[in-house]
Amino acid sequence: MGFSRGGQAALYASLKRFHKMWNRSGIEFAVYIPFYPDCATTFVSDTDVADRPIRIFGGTQDDYNPIVLCKAYVERLKAAGRDVQLTEYPNASHAFDNPLGPMSAAVVANGQTVRHCVIREEPAGLLVNASTQQPFTYKDPCVELNPHVGRDVAATQAAKTSVKAVLKTVFKL
């Protein structure tokens, strides 16, 4: 489970290629639960994921890591026969479950977002800005500033209920 950048890590930790590269223990996660991950990057072989459930949670109002980018990835995973679900909360912003966050969506001054970037992995691990065909950097014109974060109590409660349900199913509780 991970949130925002950690959600991105939780999501892409499911890639079998990354398991082969980095997982020396041989132990696999039982389920992958990313919250509002960044889905702007298309990795090589990114539909070849672990045979475990992937449950993504995000808000429709999220302009930091827009859920629409995850929808496209989820459709590709489903087409590949993967066990993936995306739960979308219509009034939720980025970090909707942060109990210390602002109640109304507020600007993260100078926070960087790749919401309008299309990033593609080329062979050998190089991340390329698909628009420029050059290596991606956070100085690229597609990188924008000032996204929003904000709490959503109803979405938080619904997400907690959903996570508990998936864990009960996966662990047969």
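The values are calculated or read from the model by the stated rules, or taken from the named source; none is laboratory data. Fair warning: this is a prediction, and the values are worked out from it, not measured in the lab. Positions of Cβ are backbone-derived with ideal geometry, glycine not excepted, and every protein chain shown enters the neighbour counts. For the accessible areas, the whole protein counts, side chains as well, though only heavy atoms, and no ligand, DNA or RNA atoms are used. Shrake-Rupley method; radii C 1.70, N 1.55, O 1.52, S 1.80 Å.
Pick out the one residue from 51, 46 that is of a type in the set (D, E, K, R), under 12 Å from residue 82 (Cβ atoms) and exposed (fewer than 14 other Cβ atoms within 10 Å of the Cβ). Break it down into steps so the answer makes sense when it comes.
On the way: 46 fails: exposed (fewer than 14 other Cβ atoms within 10 Å of the Cβ).
Going through 51, 46 in turn, just one is of a type in the set (D, E, K, R), under 12 Å from residue 82 (Cβ atoms) and exposed (fewer than 14 other Cβ atoms within 10 Å of the Cβ): 51.
Conditions tested, residue by residue: (1) among the charged types (D, E, K, R); (2) out of contact with any strand residue (DSSP E or B) (no Cβ under 9 Å at 6 or more places or on another chain).
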| site | (1), (2) |
| --- | --- |
| 143 | no, no |
| 148 | no, no |
| 152 | yes, no |
| 157 | no, yes |
| 162 | no, no |
| 169 | no, yes |
*Return the total of residues in the stretch 1-43 being open to solvent by less than 60 Å² (accessible area, probe 1.4 Å) and not in a loop (DSSP other than H, G, I, E, B).*
15
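Return yes or no: is residue 18 farther than 19 Å from residue 159 by Cβ and among the aromatic types (Phe, Trp, Tyr)?
On the way: farther than 19 Å from residue 159 by Cβ: yes; among the aromatic types (Phe, Trp, Tyr): yes.
Here the answer is yes, as residue 18 does meet what is asked.
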*Filter the stretch 120-173 for residues that are closer than 15 Å to residue 55 by Cβ and small (Gly, Ala, Ser) and give the result.*
155, 158, 159, 162, 165
*Pairs, please: C-beta under 9 Å, at least 6 apart or cross-chain, first residue farther than 17 Å from residue 121 by Cα and in the stretch 5-28, second of a type in the set (Asp, Glu) and open to solvent by less than 60 Å² (accessible area, probe 1.4 Å)?*
5/38; 7/38
_Criterion (touching a residue at least 12 places away in the same chain (Cβ under 8 Å), on the phi < 0 side of the Ramachandran plot and out of contact with any Pro (no Cβ under 7 Å at 6 or more places or on another chain)) met by exactly one of 75, 88_ = 88
